[in-house]
Amino acid sequence: MTSADVNAWRGVATEKAEEVSAPLAALLRERSRRLLGDLLRPYRRAVTTTISLIVVQSLAALAGPWLVGIAIDSGLPPLLHDGDPAPLLGIAAAFAVAVAVQAVTTRMFVTMTGQVGQKIVLELRRRLFAHFLRLEVAFHEDYTSGRVISRQTSDIEAISDLFEEGLDSLIAAVLTLLLVGTGMLLLDWQLGLVVLAGFIPLIWLTVWFRRQSAHAYRRTRETIALVIVHFVETFGGIRAVQAFRRENRNAEIFSGLGRDYADASTHASRLIAIYGPSISLTGNIITGVVLGYGGLLVIDGDVKVGVLTTFLLYLQRFFDPLQDVS
């Protein structure tokens, strides 16, 4: 768009995106952590219970591959050689218990996370509304109602999504990385070192994605805020718009802002399209290397087939949580 009005609105978005310097961003993160701690303080018991349930769920989920390996090395030989199904049936029963525990704990902590999250979001909405009421009239004249609406809707909804969908996944992902990584090293340190060597490019990818996505998602929030601002101001002052024949000009500005938001969202999607497949590709390459090297160890009798199977199953679970953590 070549319109001066559209460029002015885009300039606002650019200034908003660039005005957060590194020291200020660090200060804002620290204030956000303190605010989050203050909001969580009344629900410490529920948070502790939720984290405990996530730990139990993670351990139950990791018990499955371990039991599969035991079944291959200790359950199948008695059945094949002596016709004794008891060891295999016992392992299958333990596997069923682990699956049941995983299902029950998952439902419990997801329910608790949703309940606590909605209470926190409700309190945050209340505080935000009360804070706006205490501000001077001059603030509301400068800080348009559209931006206020954006804070109360899209920004708060992003926090709500964090509690409903992201927080439990984040905790479970961190635990999975720690437990699976430790488990693989305990199973076979040689294969574990192969995985850790492949972890170097994954760390680089994750750091790159965090840096790029933070800027991209901030950009999407700023652009959607400007869309809301322009919409509210246009129809809040519709009499003036119609009196000065500004319908076409405002529609033109709105289209430009809409395209800016679409471009920002597309850029964020491209980052995910790069990061996700890169993680999968790296994970598959490492899995192939582990399978080849582990197969040679099995042939030499240094590793049992069940241990290699458990290792490969753990390896699959090792890369999936990286996207949640990032």
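Here, region 213-305 has an Rg and a Dmax of 26.4, 87 Å when only alpha carbons are counted. Using a probe radius of 1.4 angstrom, the carbon and sulfur fraction of the accessible surface of region 33-92 is 67%. Using the 1.4 Å probe convention, the accessible area of the chain works out to 58 Å² per residue with neighbouring protein chains retained. If only the Cβ of Lys and Arg carry +1 and only the Cβ of Asp and Glu carry -1, the dipole of the chain around its Cα centre is close to 1180 debye. The Cα trace of region 112-255 gives Rg and Dmax of 23.3, 78 Å, the first to one decimal, the second as a whole number.
Once the Cα-Cα distance is subtracted from the 0.36 nm per residue extended length, the residue 185 to residue 233 segment shows a gain of 11.3 nm. Residue ranking by accessible heavy-atom surface, 1.4 Å probe, largest first, among 204, 66 comes out as 204, 66.
What is the calculated FRET efficiency for residue 240 to residue 132, with r their C-beta to C-beta distance and R₀ = 22 Å, to the nearest 0.05?
Details: r = 24 Å, r/R0 = 1.11.
With R0 = 22 Å, the Cβ-Cβ based efficiency is 0.35.
Roughly speaking, to the nearest percent, how much of region 133-257's 1.4 Å accessible area is carbon and sulfur?
Working: 4650 of 7300 Å².
Summing carbon and sulfur atoms, their accessible area is 64 percent of the total for region 133-257.
Have a look at 154, 318, 88 and report the one farthest towards the positive end of the charge dipole of the chain, computed about the Cα centre with Cβ charges (Lys/Arg +1, Asp/Glu -1). Value computed over the given set: 154. Spin-label model, residue 149 to residue 293: label points 7 Å out along the Cα-to-beta-carbon direction sit 5.8 nm apart. Here, region 218-272 is characterised by an Rg to Rh ratio of 1.11, where Rg is the alpha-carbon radius of gyration and Rh the Kirkwood radius. Restricting the calculation to Cα atoms, region 27-127 yields a radius of gyration followed by a Dmax of 21.3, 70 Å.
The simple spin-label model puts a point 7 Å past each Cα toward its Cβ; for residue 28 and residue 142 those points are separated by 1.7 nm. Dividing the Cα radius of gyration of region 176-229 by its Kirkwood radius returns 1.34 for Rg/Rh.
Length gain on complete extension for the stretch residue 122 to residue 73, per 0.36 nm per residue less the alpha carbon to alpha carbon distance?
Working: separation 49, 0.36 × 49 = 17.64 nm, distance 5.30 nm.
Once the chain is fully extended between residue 122 and residue 73, it gains 12.3 nm.
Given the -39500 (n - 2.57) contribution per DSSP H run of 4+ residues, what per-residue ellipticity at 222 nm results for the chain, rounded to the nearest 500 deg cm²/dmol? Can you show the working numbers first?
Working: 14 runs with 283 residues, N = 326.
Taken over the chain, the calculation gives -30000 deg cm²/dmol.
Average projection, convex hull of the Cα set of the chain: 22.1 square nanometres.
The values are calculated or read from the model by the stated rules, or taken from the named source; none is laboratory data. Remember, predicted model here, so these are calculated numbers, not experimental data. Because the Cβ atoms are built from the backbone with ideal geometry, glycine has one as well, and the counts that use them run over all protein chains shown. The area values use the complete protein model at the heavy-atom level, side chains included, leaving out ligands, DNA and RNA. Shrake-Rupley method; radii C 1.70, N 1.55, O 1.52, S 1.80 Å.
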